[in-house]
Amino acid sequence: MTRRFRAGLVPTLAVLVLLPVLLALGWWQLQRAAEKQSLQEEYDARALGPAVKIEPRAQRAEDLRFYRVRARGHYEPQRQVLIDNRVHQGRAGFHVVTPLRVDGSEVRVLVNRGWIPLGSDRAHLPPVETPAGVQDIAGIATVPADKPFRLGPEKPLRDDGQTIWQHMDLARFAGAVPYPVQPVVILLDPQSPAGGFTRDWTRLDAGIAVHQGYAFQWFMLAA
């Protein structure tokens with residue numbers, strides 16, 4: 001009887017330990033799905049409203065996020081950032097994020113001009129053409145994640161337009177430049193002629209079904 005009791009004790013303890021973990025993982029996946037759905041609903045509601053002007057003064061992120069915005073100024077490709085590991089139709093590449101100096105001020109706003117392919121390798125970056133002169137920008141204002149997952153530390157911001165980062169870190173960028181930076185990144189409108197590349201922007205609720213599927217799997221394992 002003692003042996004039978006001990007044989008049954010191990011799986012019982014395993015269930016007691018694993019069950020809360022499996023349930024927590026399931027609820028976490030559902031929470032991620034709900035967060036994405038909530039963000040998409042906020043995006044849809046704000047993007048339908050009138051366009052907000054990017055002012056020649058500092059503005060608050062909450063006053064701009066997900067609104068259609070417009071700005072006028074000059075691109076400054078020297079402090080451009082290439083966001084690595086962006087995939088379009090199965091091909092690796094970069095998102096090109098270029099500062100725009102807002103006319104009549106020292107304020108800059110970052111503009112994601114879209115996706116470009118990787119090229120031969122990361123030692124030979126693809127050429128990035130940037131139009132000169134005044135640019136009229138239209139797009140959606142977004143706020144990048146505060147603390148995104150990184151594989152390692154980001155490289156310092158360069159002044160030759162060749163900086164490669166894993167994510168667009170607004171705080172890091174703002175701390176590396178001598179001028180004020182608006183707290184958003186503009187996703188350049190797909191129809192805008194202002195020096196854009198491939199702009200097939202991903203919906204914020206993309207992947208909800210995946211989160212729900214994972215949640216179902218975790219709950220089934222817990223059953």
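Throughout, read-outs are computed from the coordinates displayed, never taken from laboratory work. The structure displayed is predicted, hence computed values, not measured ones. Cβ sites come from the backbone with ideal geometry, for glycine too, and all protein chains shown count toward neighbours.
From least to most packed, judged by other beta carbons within 10 angstrom and beginning with the fewest, Y67, Y179 follow the order Y179, Y67.
Could you check the simple spin-label distance between D103 and V134, using points 7 Å along Cα→Cβ, in nm with one decimal? In this crude label model, D103 to V134 measures out at 0.3 nm. Of the peptides 104-111, 191-198, 55-62, the ranking by mean beta-carbon count within 10 Å, highest at the top, reads 104-111, 191-198, 55-62.
Taking packing as the residue-averaged number of other Cβ atoms within 10 angstrom, the listed peptides 164-171, 122-129, 20-27 run from highest to lowest as 164-171, 20-27, 122-129.
Rg/Rh for the stretch 49-188 (Cα atoms only, Rh after Kirkwood) is 0.95.
Count the net charge of all other residues whose Cβ sits under 15 Å from the Cβ of E76, scoring Lys and Arg as +1 and Asp and Glu as -1. Once positives and negatives cancel, what remains is +1. Derived scalar couplings between HN and Hα for the stretch 113-126 equal 8, x, 9, 10, x, 4, x, 5, 6, 6, 7, 10, 5, x Hz in order, rounded to whole Hz, by the Karplus curve 6.51 cos²θ - 1.76 cosθ + 1.60 (θ = phi - 60°), x for Gly and Pro.
Counting charges near H124 (Lys, Arg +1; Asp, Glu -1) among other residues having Cβ under 15 Å from its Cβ returns a value of -2. The stretch between S120 and D84, if pulled fully straight at 0.36 nm per residue, gains 11.5 nm over its current Cα-Cα span.
Computed from backbone phi, the HN-Hα couplings of the stretch 83-90 come to 8, 7, 6, 9, 10, 9, 6, x Hz, rounded to whole numbers (Karplus: 6.51 cos²θ - 1.76 cosθ + 1.60, θ = phi - 60°; Gly and Pro given as x).
The label-point distance for Q31 and L18, in a model that sets each label 7 Å from Cα toward Cβ, rounds to 2.3 nm.
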